[in-house]
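Heads up, the thing below is written out as structure tokens.
We did not get these values from a lab; they are worked out from the coordinates using the rules stated. Computed from a predicted structure; not experimentally measured. Neighbour counts run over all protein chains shown; Cβ positions are idealised from the backbone, glycine included.
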């Protein structure tokens, strides 16, 4: 049964963050807010949770997965970051950016883009996302909460009550911070000679 927890949007209750972290560690799917939209996360190393996430979103085989990290200190373990790229990342984190970088061997192979050998990385600014990452002590696999049978122009799901109705038994826990945004993150690809904005979203790269 899907559980809905009312979380304070700027000062998340630690007890609730610990409940969400425990759920993730047990292989469950957790919906949480970011500054762009609600997203759904699972533990980075849990294969069955990943399979549930892929089924929920009906993700294609070439989907670019992303890890959410608490800060830049975690990035080096999962991505190869040149000095120039690091300076750009430092200026723009935390924030509404997803950075596509060459993955290291620390990233589970099933999360790495099959052809490009890349991984997406993001350091969110939202207090609840940060609170969850702080309790977890490690990155999480995350994707926007956008259902496959909903038109693209309708955007991600916004209302946690609607999520509870639509996702009953399909996700395990929803962190309810009220109506969410429907923005996309800005995707910055660092795999070429120069960084390239492949999708312009909420953030303006500095």
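Once each part is reduced to its C-alpha centroid, what is the distance from the stretch 115-129 to the stretch 166-197 in angstrom?
9 Å
What do you get for the angle between helix 83-92 and the principal long axis of the chain? Use alpha-carbon atoms, 0 to 90 degrees, nearest ten.
Orientation of helix 83-92: about 40 degrees from the principal axis.
How high is the FRET efficiency between residue 87 and residue 183 when r is their beta carbon distance and R₀ equals 30 Å, given to the nearest 0.05?
On the way: r = 25 Å, r/R0 = 0.84.
About 0.75, to the nearest 0.05.
What does a probe at residue 138 reach in the stretch 63-85, counting residues whose amide N is under 17 Å from the point 7 Å along Cα→Cβ?
66-71, 73-79
Let's test the formula: R0 of 45 Å, r as the Cβ-Cβ distance of residue 194 and residue 47. What FRET efficiency results, to the nearest 0.05? Write out the running numbers ahead of the final one.
Values: r = 36 Å, r/R0 = 0.79.
Rounded to the nearest 0.05, the efficiency is 0.80.
Note the angle between two axes, namely the Cα long axis of helix 127-136 and the longest principal axis of the Cα atoms of the chain, as a number of degrees from 0 to 90, rounded to the nearest 10.
80 degrees
Measure out, as a whole number of angstrom, how far apart the alpha-carbon centroids of the stretch 5-22 and the stretch 32-56 sit.
17 Å
In cubic angstrom, how much convex hull volume per residue do the alpha carbon atoms of the stretch 31-173 span?
Values: hull volume 16.6 nm³, N = 143.
Dividing the Cα hull volume of the stretch 31-173 by its residues yields 116 Å³.
Neighbour counts of other C-beta atoms within 10 Å: give me 206, 70 arranged from fewest to most.
Numbers: 206 7, 70 21.
Final ranking by Cβ density, sparse to dense: 206, 70.
What is the angle, in °, between the Cα long axis of helix 14-25 and the longest principal axis of the Cα atoms in the chain? Nearest 10 is fine, range 0 to 90.
Helix 14-25 sits at roughly 70 degrees to that axis.
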